[in-house]
1. Given a 1.4 Å probe and the protein chains all in place, what does the accessible area of F86 round to, in Å² to the nearest 10?
2. Using the heavy atoms of the protein chains alone and a 1.4 angstrom probe, what is the accessible area of the chain per residue in square angstrom?
3. Please report, in whole Å, how far the alpha carbons of region 70-161 spread along each principal axis, starting with the longest.
4. Compute the whole-percent fraction of alpha carbon pairs in region 63-104 spaced more than 14 Å apart.
5. Of all the accessible heavy-atom surface of the chain, with the other protein chains kept in place and a 1.4 Å probe, what percent is carbon and sulfur?
6. So what does log10 I(q)/I(0) come out to for region 1-97 at q = 0.11 Å⁻¹, using the Debye formula with one equal point on every Cα and no solvent?
7. What relative contact order, as a whole-number percentage, does region 1-102 give when Cα pairs under 8 Å and 6 or more residues apart are counted?
8. Expressed as a rounded percentage, what relative contact order does region 70-161 have, with Cα pairs under 8 Å and six or more residues apart?
Amino acid sequence: MAIRFIVKEPDPVLREHAKPVPKITANIHKLLNDMAETMYEAQGVGLAAPQIGILKRVIVMDCGEDHGGLIELINPEIISKEGEQFGAEGCLSIPGLQGDVRRAQKCAVKGWDRDGKEIIVEGTDLLARCIQHEVDHLNGVLFTDIAERVYRPEPEEEEAE
């Protein structure tokens, strides 16, 4: 495993659409491992492959044991959304900024696990926010594009996704 460099805004790779992964390979396993290690090192709760300069539809998330611990998704696709939540988001690719973003309160996403098995992950609250945030990254969308307000938080308020 290796810690990868996190691409920062305004790098144009963050605005690209990531490509689907056609099959699971040893390189995809290494990518998942590296992404998880990079996310933990940066103290984030989610990371999409474009954030490390790789235009593949791969995300990792860990919103804590209450939300299932480490979740790895290949070719994720949001299949349902309901309700609404409004709150602060941050991003490892946009350090020092947060935004107030409106998201679905609950969502479900389907994709492949690291073995190529189709899985469905359902999330509420923070996990739902994280799923939507990371899938947005795969489509070249940043939280600052949809935030109702973007600001520099006080040091004790900072939270990265």
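1. Looks like 100 Å² after rounding.
2. 49 Å²
3. Cα spread of region 70-161 along its principal axes, largest to smallest: 42, 26, 23 Å.
4. Beyond 14 Å sits 70 percent of the P(r) for region 63-104.
5. Heavy-atom surface of the chain belonging to carbon and sulfur, 1.4 Å probe: 48 percent.
6. The calculated log intensity ratios at q = 0.11 Å⁻¹ are -0.34.
7. 27 percent
8. Reported relative contact order: 34 percent.
The values are calculated or read from the model by the stated rules, or taken from the named source; none is laboratory data. Everything numeric in this text was worked out from a predicted model, so none of it was measured. When we count neighbours, we look across all protein chains shown, and the Cβ atoms used for this are built from the backbone with ideal geometry, even at glycine. Ligands, DNA and RNA are excluded from the accessible area calculation, which covers all protein heavy atoms including side chains. Shrake-Rupley method; radii C 1.70, N 1.55, O 1.52, S 1.80 Å.
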